[in-house]
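Undergrad: Take a look at this one; I'll ask things after.
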Amino acid sequence: MIDKNIVIVSAVRTPFDKFGGVMKEIPSIELGRQVLENVVDRVKFPKDKVEYIFYGTTIHAEIAPFVNVPVRQALLKAGYPSSTKSMTVDRACCSSMTALIEAYREIQTGEVQVAIAAGAENLSNVPHLVTGLRWGKKLGDFNLFDVEAGFSYPGWGPVSVDTDNVAKKYGITREEMDRWALRSHRNYKDAYDAGKFKDEVIPYVIQSKKGEIVVNADQSPRPDTTYEALAALPSVYGTHAITAGNAPGLNAGATAILIMTEDKAGEYGLEPLAYIRDVAAVADAAENIPVVPALAINLLLERNNMKPEDLSVIEINEAFAAMPLVSTKIVANGDEMLMEHLRAITNVNGGAVAIGHPMGATGCRLIMTLMYELRRRGGGRGIACLCGGLAQGDGVLLEVI
């Protein structure tokens, strides 16, 4: 492998819409098209110089009406030349972070010098499925199947149940989860009011029968919610502590990050927004989904001779509020003061409970949110990480100089 400085030079996303919101009928491929256009347009980088696009998406039922190769369709719609190479990535919620990891590795090997990592999802646009219809049925009803109902993998339990069980094992209470969810909404409001999301969010324009609708902010945050309101919500799927309030919604959105060698950035006069110092992929027992962000953090720290205290900011995806709570506890390894410090620097601008979690897009959202926060702080190192279905995980170590 060739040792190269690989940098991020542009990172954008759409606003993340809520379930059944104004983007509900926009295909994820169309959301992907927009960010693929904007990520290069923002820095005036020529599309024909992008050599490879890696693109995460994970709910294939939404793609099914378009057959397959969503990234190929999105890039052609976005005006990239037909010679542009591409790959669609499905690693559940990790998908767009995995896309960045693959783009990083492609550059490290010397195969390319410029690549894009992207992702898109629209959970409002997922159709119901009918099984058994193709070959007919002599008697009885046909049943509709909703892949979004519980996100339960056949042969395994719902991810909410697994999360609940692991959180209980690590002593994470319902109150802690609800208070973390409240913190997510409040941190988001403070960040939004301070204009922090203007760096990453590009408006999305919808042409409707009533005229033009401009979506320029995330639609899921509930800044007026209270701990009492969250604590009053019932738990779901037979869990003890998982509720609609301490989990994200079913969202829509897209993300894209343009990366290249530092030499190539210099050639085009582009400012390195951040250096990608290392990437990591991990996996664990299928039910241990809240644990894997910690595994990714620990691997990156160990490999780079760092301590947790060396990190300025951490982004851990709030697939449920339990994830950052469990993972920071594991990384702290029994040190209560360190655990509180890690939690204080985690998701400082809110997380997926507030912002939303369009699964194929979230990984890149975490990376860009981390990067822009490090830049506002004048530099430092940080890790963005997340878990994916059946306990896969990814992490990315960034440095801003």
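The values are calculated or read from the model by the stated rules, or taken from the named source; none is laboratory data. Given the structure is predicted, the values throughout are model-derived calculations rather than measurements. Glycine gets a Cβ as well: all are built from the backbone with ideal geometry, and neighbour counts include every protein chain shown.
Undergrad: Going through the range 41-62 one residue at a time, which ones are buried (at least 24 other Cβ atoms within 10 Å of the Cβ) and assigned to a helix (DSSP H, G or I)?
TA: If the condition is that a residue be buried (at least 24 other Cβ atoms within 10 Å of the Cβ) and assigned to a helix (DSSP H, G or I), then GLU62 is the only one that fits.
For every residue, the table says whether it meets (1) at pLDDT 95 or above; (2) part of a helix (DSSP H, G or I); (3) surrounded by fewer than 20 Cβ atoms within 10 Å (Cβ to Cβ); (4) among the aliphatic types (A, V, I, L, M).
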| position | (1), (2), (3), (4) |
| --- | --- |
| ALA319 | yes, no, no, yes |
| PRO324 | yes, yes, no, no |
| GLY334 | yes, no, yes, no |
| ASN349 | yes, no, no, no |
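Undergrad: For the range 296-317, give me the residue count where each residue is surrounded by fewer than 23 Cβ atoms within 10 Å (Cβ to Cβ), outside any loop (DSSP other than H, G, I, E, B) and not acidic (Asp, Glu).
TA: 6
Undergrad: Filtering the range 196-232 down to residues that are free of Cβ contacts under 8 Å to residues at least 24 places away in the same chain and in a loop (DSSP other than H, G, I, E, B), which residue is nearest to THR173 (Cα to Cα)?
TA: ALA232
Undergrad: Show the residue pairs meeting these rules: Cβ distance below 9 Å; 6+ apart or different chains; first residue within the range 313-330 and closer than 21 Å to THR243 by Cβ; second residue in a loop (DSSP other than H, G, I, E, B) and among the hydroxyl-bearing types (Ser, Thr, Tyr).
TA: Matching pairs, first to second residue: ALA322/TYR170; LEU325/TYR170; VAL326/TYR170; LYS329/TYR170.
Undergrad: Residue by residue through the range 32-60, note down the ones that are among the aliphatic types (A, V, I, L, M) and within 19 Å of the chain's Cα centre (by Cα).
TA: VAL35, LEU36, VAL39, ILE53, ILE59
Undergrad: Condition first: within 21 Å of VAL39 (Cβ to Cβ), crowded, with 16+ Cβ neighbours inside 10 Å and at pLDDT 95 or above. Can you find one or more residues in the range 122-132 that meet it?
TA: Yes; the residues of the range 122-132 include at least one that is within 21 Å of VAL39 (Cβ to Cβ), crowded, with 16+ Cβ neighbours inside 10 Å and at pLDDT 95 or above.
Every residue, every condition in (1) surrounded by 14 or more Cβ atoms within 10 Å (Cβ to Cβ); (2) aromatic (Phe, Trp, Tyr); (3) more than 30 Å from GLY253 (Cα to Cα); (4) not assigned by TED's automatic domain parsing to the domain that holds MET87, yes or no:
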| residue | (1), (2), (3), (4) |
| --- | --- |
| GLN113 | yes, no, no, no |
| ILE116 | yes, no, no, no |
| ARG134 | no, no, yes, yes |
| GLY140 | no, no, yes, yes |
| LEU144 | no, no, no, yes |
| GLU148 | yes, no, no, yes |
| PHE151 | yes, yes, no, yes |
| TYR170 | yes, yes, yes, yes |
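Undergrad: Anything in the range 80-102 that is touching a Lys or Arg at 6+ places or on another chain (Cβ under 6 Å) and assigned to a loop (DSSP other than H, G, I, E, B)? List them, or say none.
TA: Listed by number, the list holds a single entry, TYR80.
Undergrad: Name the single residue, out of those in the range 254-274 being in a strand (DSSP E or B) and over 19 Å from the mean Cα position of the chain (by Cα), that is surrounded by the most Cβ atoms within 10 Å (Cβ to Cβ). Lay out the reasoning, then the answer.
TA: Filtering the range 254-274 down to residues in a strand (DSSP E or B) leaves 254-261, 274.
Narrowing further to those that are over 19 Å from the mean Cα position of the chain (by Cα): 260-261.
Details: MET260: 30, THR261: 19.
Across the range 254-274, the extreme among qualifying residues is MET260.
Undergrad: When you look at ASP193, is it loosely packed, with under 11 Cβ neighbours inside 10 Å and at pLDDT 95 or above, yes or no?
TA: In short, yes.
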